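Below is one structure; the comments refer to it alone.
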Ligand SMILES: NC(=O)c1ccc[n+]([C@@H]2O[C@H](COP(=O)([O-])OP(=O)(O)OC[C@H]3O[C@@H](n4cnc5c(N)ncnc54)[C@H](O)[C@@H]3O)[C@@H](O)[C@H]2O)c1
């Protein structure tokens with residue numbers, strides 16, 4: 001049977017533009033789906049960079065203004081891979097024209113924007129998803145399966161770190177490609193939005209809603225040169241580090257740490273969950289492994305075991321290679337896209353939806369409010 005086409009219009013050709021282009025190209029080869037994405041058009045402002053990008057990845061056409069892309073009748077889904085301050089306007093425009101909307105994380109600059117985005121996609125009745133791709137790491141999906149199977153029993157602790165080290169030098173500039181992350185007007189927030197948002201999404205998905213938080217942030221480098229204009233300097237207004245405690249609705253306690261100042265840590269996105277019957281530990285730097293401690297094992301052979309998450313019965317793995325052959329970072333986006341397409345086809349919905357990502361945005365914002373006010377904040 002001929003597959004239904006899904007014409008994609010993507011905005012941005014940076015880091016995520018590459019990751020998503022790769023997903024659109026590969027998903028139909030590895031997953032048996034009714035829909036086949038077509039790389040219809042990509043938009044960004046700089047045509048000198050956009051044209052070679054489009055040729056390299058096989059995009060059929062280009063636009064230098066995202067508004068023209070959103071207005072095109074031949075586009076079914078708009079995929080937002082541009083910086084955080086563009087998400088809201090593009091999503092609202094896309095929804096108003098009846099397009100499905102995929103959006104990179106964090107959903108928005110702040111909760112007010114995020115609420116409007118949820119209202120817009122829900123009023124338009126269009127499918128929507130935020131690319132919290134770490135849910136689609138097979139080992140993290142397996143953790144969710146094991147928690148659902150009751151293997152941990154009652155959960156006591158959730159412990160999360162997201163550690164990088166690339167902004168320690170005072171010479172790292174802010175603003176412009178990639179480094180818009182350090183500029184408040186464009187990023188909205190610092191590591192709380194960039195890194196902790198991933199940790200919060202994973203935590204809520206594994207351990208349920210977060211009810212209240214108590215946070216602490218710091219700006220270690222207070223001023224930086226401006227990218228492209230090194231004689232100019234600008235105050236840093238985003239959080240360099242964000243640490244917080246959390247109370248989950250299921251009664252468990254959580255601790256979270258996100259920083260770009262952990263020398264030697266490149267992308268250490270890890271969590272440990274401690275339950276009455278057992279514990280789980282995951283670290284993205286060993287992303288094909290899940291550590292498991294089972295208290296029900298006979299006491300003389302108890303100990304942490306390493307599950308190599310590459311067997312056919314592990315989440316997503318039957319779509320990839322033979323057991324023992326690991327998959328990597330880029331596959332998490334392909335898995336996410338496959339889930340989105342399956343959700344459309346089955347009618348079971350697409351996750352995490354904008355509404356689900358709003359819960360993450362509210363948690364991030366509560367952490368920053370808590371740090372500012374030095375008090376516990378309830379997450380609305
Ligand atoms: N899911 C993840 O793990 C993950 C990882 C990295 C980034 N992100 C998110 O993806 C988004 C993009 O980040 P990135 O790392 O790809 O950034 P990037 O700087 O590498 O690329 C951004 C792209 O957006 C384009 N752009 C900027 N302003 C634009 C505008 N007004 N109109 C059209 N195009 C515009 C730029 O030209 C560039 O092509 C951000 O929201 C970021 O938080 C998510």
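The values are calculated or read from the model by the stated rules, or taken from the named source; none is laboratory data. Only a predicted model underlies this, so the values are computations on that prediction, with no experimental measurement involved. Quick reminder, even Gly has a Cβ in these numbers, built from the backbone with ideal geometry, and neighbours come from all protein chains shown.
Annotation: residue 229 fulfils all but one of (1) under 25 Å from the mean Cα position of the chain (by Cα); (2) more than 23 Å from residue 150 (Cβ to Cβ); the unmet one is (1).
Touching a strand residue (DSSP E or B) at 6+ places or on another chain (Cβ under 7 Å) and without any contact (Cβ under 8 Å) to a residue 24 or more places away in the chain: is that true of residue 61 in this structure? Answer is yes for this residue. Where helices (runs of 4 or more DSSP H) sit wholly within segment 122-218, those with at least 1 residues that are under 19 Å from the mean Cα position of the chain (by Cα) and farther than 29 Å from residue 94 by Cα occupy 138-148, 196-207.
Yes/no per residue for (1) over 23 Å from the mean Cα position of the chain (by Cα); (2) within 8 Å of the ligand (Cβ to nearest atom); (3) modelled with pLDDT under 95:
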site	(1), (2), (3)
10	no, no, no
17	no, yes, no
31	no, no, no
49	yes, yes, no
52	yes, no, no
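Determine whether segment 234-247 contains at least one residue that is assigned to a strand (DSSP E or B) and over 23 Å from the mean Cα position of the chain (by Cα). Spell out the reasoning first.
At the first step, the residues of segment 234-247 found to be assigned to a strand (DSSP E or B) are 234-235, 241-247.
Next, from what is left, pick out any that are over 23 Å from the mean Cα position of the chain (by Cα): 234-235.
Yes, segment 234-247 contains a residue that is assigned to a strand (DSSP E or B) and over 23 Å from the mean Cα position of the chain (by Cα).
Would segment 159-176 turn up any residue that is surrounded by fewer than 19 Cβ atoms within 10 Å (Cβ to Cβ), in the same structural domain as residue 340 (by TED's automatic domain parsing) and within 12 Å of the ligand (Cβ to nearest atom)? Yes: one or more hits.
Checking each residue in segment 87-109 for being within 25 Å of residue 338 (Cα to Cα) and within 10 Å of the ligand (Cβ to nearest atom) picks out 87, 90, 103, 104, 105, 106, 107, 108. Residue-level analysis places residue 26 outside the set of residues that are away from the ligand (no atom under 16 Å from the Cβ), closer than 12 Å to residue 63 by Cβ and at pLDDT 95 or above. Those residues that are touching a residue at least 60 places away in the same chain (Cβ under 8 Å), touching a strand residue (DSSP E or B) at 6+ places or on another chain (Cβ under 9 Å) and assigned to a loop (DSSP other than H, G, I, E, B), I need them from segment 288-315; list them, please. Within segment 288-315, 288, 309, 314 meet the criteria.
Residue by residue, here is whether (1) without any contact (Cβ under 8 Å) to a residue 40 or more places away in the chain; (2) surrounded by fewer than 20 Cβ atoms within 10 Å (Cβ to Cβ) holds:
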residue: 14; (1), (2): no, yes
residue: 31; (1), (2): no, yes
residue: 42; (1), (2): yes, no
residue: 56; (1), (2): yes, yes
residue: 65; (1), (2): yes, yes
residue: 82; (1), (2): no, no
residue: 90; (1), (2): no, no
